[in-house]
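One structure is given here, and the rest of the page talks about it.
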Amino acid sequence: MNSALRSNFPYSASHSANMEGAKSLQPGLVVLALAVSLFFLGSEAFGQNLSSGTIRGSVLDPSGAAVKGATVEIRNPVSGYSRTVQTDDQGNFEFTNVPYNPYHLSATAAGFETNQQDVDIRTPVPIELKISLKIGTEATSVTVQAEANDLLETTPTAHTDVGQTLIQTLPVQNQSIGFAELVTNASPGVAADGNGFYHPLGEHADTSIILDNQPIPDQQAKIFSNQLALNTIQSFELVTGAPPAEYGDRTSLIINTTSRSGLGQTKPTGDFSGEYGSFGSWAELFDVGWGGQRWGNFLAVDSNGSSRDLDPPEFTHLHDKGNGETIFDHIDFRPTERDTLHFNVSAQRSWFQQPNTFDQQRTGQDQRTQVRSTNIAPGYTHLFSTNLLLTFNPYYRLDWFQFFPSRDPFWDTPATVRQGRRLNNIGARADLSYSRGRHEIKGGLQLSHWLLTEDFYLGLTDPAFNPVCLNPDGSPDTNPTPTDPNACAAPFEPNPGFLPGLVAYDLTRGGSLFTFGAHADIKELSAYLEDSVKLGDWTIKAGVRGDHYDGLTRARQIEPRTAFSYHVSGTNTVLRASYARLLLAPFNEGLLLGSSTGAGGLGGAGFGGFGASPIVSQRRNQFNTGFEQTIGRFGVVDGEYFWKFSSRGSDFDTLFSTPIVFPTLWRKSKIDGFGVRFSMPTIKGFTAYAVLGHARSRYFGPEVGGLIFNSPLSAGAFRIDHDQSFQQTTNVRYQYKKGPYATFTWRYDSGLVAGSVPDLASAVALDADQQAVIGLHCGSTFATLSNPITACHLPYPQFSATRVRIPAPGTENDDLNPPRIAPRHLFDASAGTDNLFHTEPYHVTLKFSVLNITNQTALYNFLSTFSGTHTVAPRTFQAQLGFRF
């Protein structure tokens with residue numbers, strides 16, 4: 001490249017930042033969202049999370065007089081959730097933001113006998129209790145021991161509860177994707193992938209997060225958005241059963257999340273901690289909550305960084321530094337007994353280098369990414385009566401992704417890219433909940449409005465990527481002069497795989513940049529109505545949802561949902577089954593590019609595509625059946641089998657292994673599998689859980705939506721790369737009374753499908769670096785960077801790979817025997833204490849963790865069409881010191 005072209009190249013990293021900053025960020029919409037927030041802040045409103053409940057009441061003596069200062073505690077033996085409050089001068093108490101679950105409640109006071117009862121939270125409508133204490137000689141110290149009935153949940157939808165104990169003690173590799181790591185290790189049927197990706201129930205990222213009743217259906221993997229910080233979360237519920245009518249959009253995994261609150265904390269409480277570990281990783285975490293009976297505030301400020309920020313394509317981290325910051329504030333205001341307001345506001349930023357391969361490191365590639373997220377979400381509730389509750393939640397969210405190329409475009413290979421994506425999500429949700437007798441009725445409306453903006457520049461920088469001619473030995477001819485295969489003079493031969501349309505964007509042959517820019521408004525209106533009825537040992541939930549999607553394409557559908565459970569009291573068994581009809585709107589990330597056609601899009605730009613078609617909505621039938629069974633008082637087993645039949649199958653693709661991603665659609669998909677969870681309550685200091693999962697993800701060609709770059713496949717079945725035969729996580733925790741604790745976690749993954757190496761010939765065709773990554777070997781000779789394997793005369797399996805399971809010659813079958821990533825066992829352990837010096841009320845905390853104890857060298861995936869190659873982190877040490885007040 002000549003010096004003039006270098007000096008005038010249009011997008012260095014600094015120039016990219018200036019260009020992006022100069023563009024409008026829809027300021028009017030931000031102002032509108034802030035105005036809505038201020039309006040509700042100014043009104044006498046009150047916030048309550050629709051996916052959590054309230055327990056309130058009074059404690060009275062036998063004469064009906066109030067008992068001041070009584071201690072009221074609620075506890076769930078399976079999730080470990082527990083809270084304690086004191087009654088006020090009128091004997092009143094209240095628990096807010098209580099996750100849906102059964103609880104054991106106890107009330108104690110000096111001179112009275114202890115009162116114990118069970119309370120089941122299944123509705124946001126507050127549960128009112130009057131607790132009468134009998135006169136006793138002294139207050140009784142209560143030790144709650146789980147009985148078999150306490151472990152059962154009779155709800156007809158499979159779910160997993162995660163509380164503060166697991167959130168605080170389970171070690172995570174990287175704080176910036178700790179939320180994804182926790183979800184993967186706590187939920188059955190979720191397969192792990194690199195960089196915070198996970199595949200729930202055999203789907204690609206089909207997940208909705210409900211944060212204090214704010215729906216967030218957009219992808220939360222690190223290359224799309226910034227994930228929720230773990231210290232902002234009080235608890236979450238992972239719903240893996242067929243979704244009730246109140247849920248739409250992404251429904252294979254629903255994460256009902258309740259954030260922490262300062263309401264009722266008359267004395268400020270909080271935590272400050274610092275963490276340091278391998279690869280120069282560090283984290284600083286601070287949170288504090290304070291308030292009173294009428295108001296509360298919770299504030300969290302976090303920062304973290306690492307020299308191994310993303311999961312790289314090599315087993316060493318090259319050009320992989322990154323850092324992130326989060327500020328989160330949750331405000332509660334309660335002017336009356338019937339009205340409440342909550343207000344969530346957060347800002348997040350992450351910056352990270354794009355990890356290099358060895359070849360890219362040699363060229364000096366210096367690509368970087370910045371992701372900024374903003375969230376504003378007020379919430380209002382009004383209690384019309386003891387049975388009827390209104391909830392209203394407007395919200396605004398922005399995810400802004402920027403990708404910057406190297407300063408010199410020819411440092412980037414095989415292409416230089418600059419990209420910007422903005423995803424504005426504006427919406428509101430209103431719900432009415434009615435609870436009386438056998439019935440728990442909900443109905444509501446939801447309006448979502450996405451403003452999408454995508455733009456990028458791209459130019460080829462590798463003359464060997466699309467050579468016009470080949471040398472006599474078949475290697476690429478890098479001579480920039482010929483641009484027409486007919487001009488290949490002897491001894492050179494025309495390249496049979498040459499793509500003539502790419503010459504215009506090949507910078508090594510005098511081409512210019514390809515540019516793409518688009519904007520769109522996407523709208524969706526939804527309504528639902530459902531009723532949950534208790535009929536003796538039966539629980540029946542029935543409802544209907546209607547979705548109207550109006551985007552680049554249109555779709556509407558009426559969606560019946562039904563589920564039931566039956567409690568076999570004699571054996572402490574719960575049987576359940578459910579059905580859901582679903583409309584799944586297209587993924588928003590890369591939607592404009594994926595739906596582009598004509599000369600302005602890649603479909604008409606000569607990039608070698610076979611076609612292009614707009615992305616349409618999927619329509620799905622989902623069936624679930626399952627059971628729950630206690631094992632005495634020692635634990636409970638929860639199992640679920642699912643079938644999902646979709647008229648389209650959604651996946652993602654990339655352009656030339658760049659960060660430019662776009663959704664695709666296949667003709668149909670059939671996915672089935674199971675998830676099992678075993679939970680053991682605390683017994684003599686020990687508690688444990690295990691989650692198991694299997695997903696058979698069968699997709700059927702041809703590709704029918706998005707940009708089609710692969711040769712059209714037949715109509716037969718194949719396994720998509722989120723298919724995994726089996727995965728499991730086992731976690732055991734021991735705590736000595738209120739002293740030190742230790743945890744041990746074992747994660748096993750049988751391996752995702754790796755379609756890029758279906759046979760040994762494909763492995764031999766890889767470059768030396770790629771062969772070394774998969775552990776290709778001929779007998780005892782392994783491929784290295786300087787010594788690739790070009791031929792091997794040994795039979796299979798002497799000629800094979802250690803990190804990818806390549807099918808034996810003649811046995812590969814895209815459906816029944818596809819290539820897979822090799823199985824891996826990962827072991828993590830941590831030990832610590834919540835009160836190192838045994839002081840009150842201030843605690844010094846200490847935790848030491850080791851992840852991947854055996855230092856196993858393993859892959860998440862290899863040359864995946866969407867995510868490329870990602871390696872599992874080697875052995876990692878972490879130490880965390882904190883101060884809790």
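The values are calculated or read from the model by the stated rules, or taken from the named source; none is laboratory data. Computed from a prediction, not measured in an experiment: that's the story for all the values here. Here the Cβ positions follow ideal geometry from the backbone for every residue, glycine too, while neighbour counts run over all protein chains shown. To get the accessible areas, we keep the full protein, side chains included, count just its heavy atoms, and leave off ligands, DNA and RNA. Shrake-Rupley method; radii C 1.70, N 1.55, O 1.52, S 1.80 Å.
Using a 1.4 Å probe on the protein chains only, how many percent of the accessible area of segment 426-544 belongs to carbon and sulfur?
61 percent
Provide the per residue accessible area, probe 1.4 Å, for segment 821-868, rounded to a whole number of square angstrom.
Here the residues of segment 821-868 average 44 Å² of exposed surface.
Just to verify a number: what accessible area does W411 come out at with the full protein assembly present, 1.4 Å probe, Å² rounded to tens?
80 Å²
Largest first, how would I720, I441 line up by accessible area (1.4 Å probe)? If you can, show how the numbers build up before the last one.
Numbers: I720 10, I441 55 Å².
Descending order: I441, I720.
Got the relative contact order for the chain handy, in percent, Cα pairs under 8 Å and 6 or more residues apart? List each step's numbers first, then the result.
On the way: 2532 pairs, mean separation 89.2, N = 885.
Value for the chain: 10 percent.
With charges only on Cβ, +1 for K and R and -1 for D and E, what is the dipole size of segment 745-885 about its Cα centre, in debye, rounded to 20? Don't skip to the end; give the middle numbers.
Details: 8 positive and 10 negative charges, 74 e Å.
Taking the Cα centre of segment 745-885 as origin, the dipole is about 360 debye.
If I fit a long axis through the Cα atoms of helix 27-42 and take the longest principal axis of the Cα atoms of the chain, what angle between them do I get, 0 to 90°, rounded to 10?
Between helix and principal axis, roughly 10 degrees.
For the chain, build the charge dipole from Cβ charges (+1 Lys, Arg; -1 Asp, Glu) around the Cα centre, then report which of H317, V85, F848 sits farthest towards its positive end.
Going by the Cα projections, it comes out as V85.
Which lysines have a Cα lying under 25 Å from the Cα of K68, excluding residues fewer than 8 positions away in the same chain?
Cross-link targets: K130, K134, K267.
Where does the charge balance sit around F272 when Lys and Arg score +1, Asp and Glu -1, over other residues with C-beta under 13 Å from its C-beta?
On the way: positive: R884; negative: D271, E275, E284, D287, D302.
Neighbour charge sum, excluding F272 itself: -4.
With a 1.4 Å probe and all protein chains kept in place, how do W351, W290 rank by accessible area, largest first?
On the way: W351 55, W290 85 Å².
Of W351, W290, the descending order of accessible area is W290, W351.
Net charge around F498, counting only other residues with Cβ within less than 15 Å of its Cβ (Lys, Arg = +1; Asp, Glu = -1)?
Result for the local shell: -4.
Each residue of segment 481-498 in turn: what ³J(HN,Hα) in whole Hz from Karplus with 6.51, -1.76, 1.60 and θ = phi - 60°, glycine and Pro shown as x?
Result, ordered by residue: 6, x, 10, 10, x, 5, 8, 6, 8, 4, x, 7, 10, x, 7, x, x, 5 Hz.
Starting from segment 781-842, pick out the chymotrypsin sites (Phe, Trp or Tyr not before Pro) whose DSSP state is loop and whose Cβ has at most 15 other Cβ atoms within 10 Å.
Working: sites: F782, F799, F827, F837, Y842; in loops: F837, Y842.
Passing both the DSSP loop test and the Cβ count: F837, Y842.
Suppose a student asked you for the relative contact order of segment 693-768, using Cα pairs under 8 Å spaced at least 6 residues apart; what percent would you report?
Working: 99 pairs, mean separation 20.5, N = 76.
Relative contact order, segment 693-768: 27 percent.
Using heavy-atom solvent-accessible surface (probe 1.4 Å) with all chains present, what is the largest-first order of V417, V533? If you can, show how the numbers build up before the last one.
Details: V417 0, V533 25 Å².
In descending accessible area the options line up as V533, V417.
Roughly how many Å² of S106 are accessible to a 1.4 Å probe, to the nearest 10?
Using a 1.4 Å probe on the heavy atoms, I get roughly 10 Å².
Can you give me the Rg/Rh ratio for segment 229-377, using Cα atoms for both radii and the Kirkwood formula for Rh?
Details: Rg = 19.9 Å, Rh = 18.3 Å.
That ratio equals 1.09.
According to the square roots a ≥ b ≥ c of the eigenvalues of the Cα gyration tensor, what is the shape class of segment 618-727, taking rounded for a/c under 1.5, prolate for a/b larger than b/c otherwise, and oblate for the remainder? If you can, show how the numbers build up before the last one.
On the way: a/c = 3.87, a/b = 2.29, b/c = 1.69.
Because a/c hits 1.5 or more and a/b exceeds b/c, segment 618-727 counts as prolate.
How large is the charge dipole for the chain, taken about the Cα centre, if only the Cβ atoms of Lys, Arg (+1) and Asp, Glu (-1) carry charge, to the nearest 20 debye? Before the final figure, lay out each step's value.
Numbers: 65 positive and 82 negative charges, 189 e Å.
For the chain, the charge dipole is close to 900 debye.
Go through segment 831-885 and name the trypsin sites (Lys or Arg not before Pro) that are in a DSSP coil and have 14 or fewer other Cβ atoms within 10 Å of their Cβ.
In loop regions of segment 831-885 (DSSP not H, G, I, E or B), the sparsely surrounded trypsin sites (Lys or Arg not before Pro) are R875.
If Lys and Arg each add +1 and Asp and Glu each add -1, what is the summed charge of the other residues whose beta carbon sits under 12 Å from the beta carbon of P215? It would help to have the intermediate numbers written out before the result.
Values: positive: R250, R397, R429; negative: D212, D218, E246, D249, D431, E524.
Combined, the nearby Lys, Arg, Asp and Glu give -3.
Contour minus end-to-end for A765 and T573, with contour as 0.36 nm per residue of separation and end-to-end as the Cα-Cα distance?
Values: separation 192, 0.36 × 192 = 69.12 nm, distance 5.51 nm.
Taking 0.36 nm per residue and subtracting the Cα distance, the gain is 63.6 nm.
Based on DSSP loop calls and a cut-off of at most 13 other Cβ atoms within 10 Å, the longest stretch of the chain free of exposed GluC sites (Glu not before Pro) is what?
Numbers: sites that count: E138, E337.
Segment 338-885 is the longest.
Could you give the length gained on full extension between L388 and A829, defined as 0.36 nm per residue of separation minus the Cα-Cα distance, in nm?
Working: separation 441, 0.36 × 441 = 158.76 nm, distance 4.70 nm.
Gain in length upon complete extension: 154.1 nm.
With angles folded into 0 to 90 degrees, how steeply does helix 13-22 sit against the dominant principal axis of the chain? Use alpha carbons for both and round to 10.
For helix 13-22, the angle is close to 60 degrees.
As a test of the definition: which semi-axes, in Å, follow for segment 794-867 when you take the square root of five times each eigenvalue of its alpha carbon gyration tensor? Largest first, please.
Numbers: eigenvalues 433, 38, 15 Å².
They are 47, 14, 9 Å, listed from largest to smallest.
If ligands, DNA and RNA are left out, what is the accessible area of H104 with a 1.4 Å probe, given in Å² to the nearest 10?
Solvent-accessible area, nearest 10 Å²: 30 Å².
With a 1.4 Å probe and every protein chain left in place, work out the accessible area per residue of segment 210-300 in Å², rounded to a whole number.
On the way: 2380 Å² over 91 residues.
Per-residue value: 26 Å².
For segment 824-882, which semi-axes, largest first and in whole Å, follow from the square roots of 5 times the eigenvalues of its Cα gyration tensor?
36, 12, 7
How about segment 628-696: which trypsin sites (Lys or Arg not before Pro) there are in a DSSP loop, with at most 14 other Cβ atoms within 10 Å of their Cβ? Present the calculation step by step, with values, prior to reporting the outcome.
Details: sites: R633, K644, R648, R667, K668, K670, R677, K684, R696; in loops: R633, R648, K684.
The qualifying sites are K684.
Suppose we look only past 54 Å in the calculated P(r) of the chain. What percent of the Cα-Cα pairs does that tail hold? Before the final figure, lay out the partial values.
Values: 56155 of 391170 pairs.
Within the chain, distances greater than 54 Å cover 14 percent of Cα pairs.
Per 0.36 nm of contour for each residue apart, how much would the distance between K737 and T790 grow if the chain were fully extended, relative to their Cα-Cα spacing?
Values: separation 53, 0.36 × 53 = 19.08 nm, distance 6.12 nm.
This chain segment gains 13.0 nm when fully extended.
When we measure straight from the Cα of K541, which lysines land under 22 angstrom away, once same-chain ones fewer than 8 places off are left out?
K442, K644
Please list, or write none, the lysines whose alpha carbon is within less than 18 Å of the alpha carbon of K738, excluding same-chain residues fewer than 8 places away.
In chain and number order, the partners are K684, K847.
How big is the charge dipole of segment 407-497 about its Cα centre, in debye rounded to the nearest 20, if each Lys and Arg gets +1 on its Cβ and each Asp and Glu gets -1 on its Cβ?
On the way: 8 positive and 11 negative charges, 239 e Å.
In debye, rounded to 20, segment 407-497 gives about 1140.
Find the Rg to Rh ratio for segment 60-209, where Rh is the Kirkwood radius over alpha-carbon pairs and Rg uses the same atoms. Before the final figure, lay out the partial values.
On the way: Rg = 19.7 Å, Rh = 18.1 Å.
My calculation puts Rg/Rh at 1.09.
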